[in-house]
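A short reminder: the numbers here are calculations on the coordinates, not readings from a lab. Computed from a predicted model, the values in this text were never measured in an experiment. Neighbour counts are summed over all protein chains in view; Cβ atoms, including those assigned to glycine, are modelled from backbone coordinates with ideal geometry.
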């Protein structure tokens with residue numbers, strides 16, 4: 001009876017909606033554009049690609065709320081790029097796994113949505129409760145990467161001079177972040193509808 005009661009709650013519709021959104025983002029090339037943008041802006045830094053992975057995983061968490069999407073996508077896109085540039089394997093894989101886990105905290109989190117439905121708690125309040133810890137963890141990950149690569153540069157070398165781009169190319173590449181931020185704003189920032197209603201339209 002309890003299982004059927006949960007299935008009859010209309011708010012649980014948001015879960016397959018977020019999954020579907022994640023599939024679209026994973027196969028549409030948006031992740032490639034995001035990684036290319038972050039690579040151009042942070043590539044000069046030691047550990048810049050690893051920092052970019054954390055940022056992109058945080059953005060993916062804010063778009064779809066599923067940890068597996070960020071982990072899988074960055075594993076396919078960022079891991080080969082980091083290993084090609086002689087990044088330490090443990091740093092590269094650890095960054096992807098840690099960054100992907102941010103999707104469980106940063107709203108709209110599917111984990112919080114399911115818990116809110118089952119425990120009959122406010123999903124909006126759960127989302128707000130996970131926002132600061134998720135962003136704090138992302139910041140701590142970035143600080144750790146910066147400090148570690150500063151003292152051990154061989155773990156995450158910066159891009160070679162031939163791969164660095166001009167400021168004009170950097171600003172042009174920012175168009176790759178327009179849709180992700182627009183999606184985050186529509187899901188979380190407008191306040192015009194619930195996540196369930198928005199995803200039914202999407």
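Going from the residue with the fewest nearby Cβ atoms within 10 Å to the one with the most, 175, 170, 46 rank 175, 170, 46.
Sorting 157-166, 114-123 by their mean Cβ neighbour count within 10 Å, with the most densely packed peptide first, gives 114-123, 157-166. Taking a ≥ b ≥ c as the square roots of the eigenvalues of the alpha carbon gyration tensor, region 96-173 is prolate, as a/c is not under 1.5 and a/b beats b/c.
Straightening the chain between residue 146 and residue 166 buys 4.9 nm, computed as 0.36 nm per residue apart minus the Cα-Cα spacing. The residues 135, 140, when put in order of fewest to most other Cβ atoms within 10 Å, stand as 140, 135. Taking a ≥ b ≥ c as the square roots of the eigenvalues of the Cα gyration tensor, an a/c ratio of 1.5 or more together with a/b larger than b/c marks region 18-170 as prolate.
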